[in-house]
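Single-structure report; data block below.
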Amino acid sequence: MDNSSDVLNKYSLLFKGKVRNIYNYSNDKLLIYTSDRISAFDYVFEDEIKGKGLLLTKMAKFWFKKTSNIITNHISEELIDLPSHIKDSCMLVKKTKVLPIEAIVRGHIAGSAWSAYKSSQKINGLVSKKIYKKYDKFDKPIFTPSTKAEIGGKDINISIAEMRKIIGGELTEEIQNMSIKLYDFAYSFAKERGVIIADTKFEFGLDPDNNLILIDEIFTPDCSRFWLYDKKLKELNHEAFDKQFFRDYLIASNWNKEQIMIPDNIKEKIISKYRTAYDLITYET
Ligand SMILES: Nc1ncnc2c1ncn2[C@@H]1O[C@H](COP(=O)(O)OP(=O)(O)OP(=O)(O)O)[C@@H](O)[C@H]1O
Ligand SMILES: [Mg+2]
């Protein structure tokens, strides 16, 4: 159980996402509390990973600041009057109208993109002329959107043409360009610090003046695939420093979609991987 509820219940809870609790803060602001919950395969576990919410919040805030010259994001600088152990897991953000698209960018072939390629030779719905091995780097990052499912639903990969039908051509263009720009920036930044962002996911919303705003979380180990890179040796290791480690654990333990107690050593491994990624990326040179 998280210990946030007593302090935060002065705000009304609008909804509980898989990981975040969203409170109504004011007319135009939301208070997002990132819990220690973990989800995998669209399933939310009751057993929590202590310290995860704090790390995710710190990491997202770090990246929002670093990328604010590329695109406006939802972070509000207004001070929140909350005890620091809760405040540090919270983001005060501008309310936006969330666009029903997950903007996924991939620099390397892994995860569902690899599975699709292996079974159909297709990248982004088109048969690829190039031959790929698992984890290969694409010549240029590719944009592979999916729908953003309602609570309990499953995100579905869609083509860019389908994305245009859902949110219109102009927004599709803008989101695609912004997503690639953000990814290119973060890829170089993180690589310099020994982390490869193999792929990632963004969410966008519209403010009351219909400006495109970057929302939710960015470049965290919950929404990205992180590998370590040895700069001196120029060597890339594909061991996961993100949520993939937990997914792999579930698969290896024949998990059958029910609540489990996550073993202590697995919890420790998850948080230590998240912390490693955080420490490397945010290290001030
Ligand atoms: N600035 C914002 N304005 C409005 N809604 C936001 C804003 N930032 C984030 N959200 C929404 O808050 C919710 C955060 O919940 P959470 O991260 O737990 O994820 P989820 O959507 O349930 O699942 P997942 O992240 O796995 O897709 C998301 O639905 C997200 O779209
Ligand atoms: Mg989310």
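Only the coordinates and a few stated rules stand behind these numbers; no lab work does. All values reported here derive from a predicted model rather than from experimental measurement. Every residue, glycine among them, receives a Cβ derived from its backbone with ideal geometry; neighbour counts consider all protein chains shown.
Couple of notes before you dig in:
- The chain: radius of gyration and largest Cα-Cα distance (Dmax), Å: 18.7, 57
- Rh by Kirkwood over Cα pairs, then Stokes-Einstein D for segment 93-250 at 1.567 mPa s and 4 °C, µm²/s: 78 µm²/s
- The chain: most fluctuating residue of 192, 78, 268 per GNM, C-alpha cutoff 10 Å: 78
- Backbone geometry of segment 24-38 corresponds, through the Karplus equation with coefficients 6.51, -1.76 and 1.60 at θ = phi - 60°, to 3J(HN,Hα) couplings of 7, 9, 7, 3, 10, 10, 10, 10, 9, 9, 8, 7, 8, 5, 10 Hz, x marking Gly and Pro.
- Taking every C-alpha pair closer than 8 Å and separated by at least 6 residues, the mean separation divided by the residue count of segment 1-143 gives a relative contact order of 18 percent.
- Working from Cα pairs under 8 Å separated by at least six residues, relative contact order for the chain is 19 percent.
- Straightening the chain between residue 97 and residue 207 buys 38.9 nm, computed as 0.36 nm per residue apart minus the Cα-Cα spacing.
- Shape of segment 5-94, Cα gyration tensor, a/c cut at 1.5: oblate
- Over the chain: helical MRE at 222 nm, DSSP H runs n ≥ 4 each giving -39500 (n - 2.57), nearest 500: -10000 deg cm²/dmol
- Using Cβ point charges alone (K and R +1, D and E -1), the dipole size of the chain about the Cα centre works out to roughly 920 debye.
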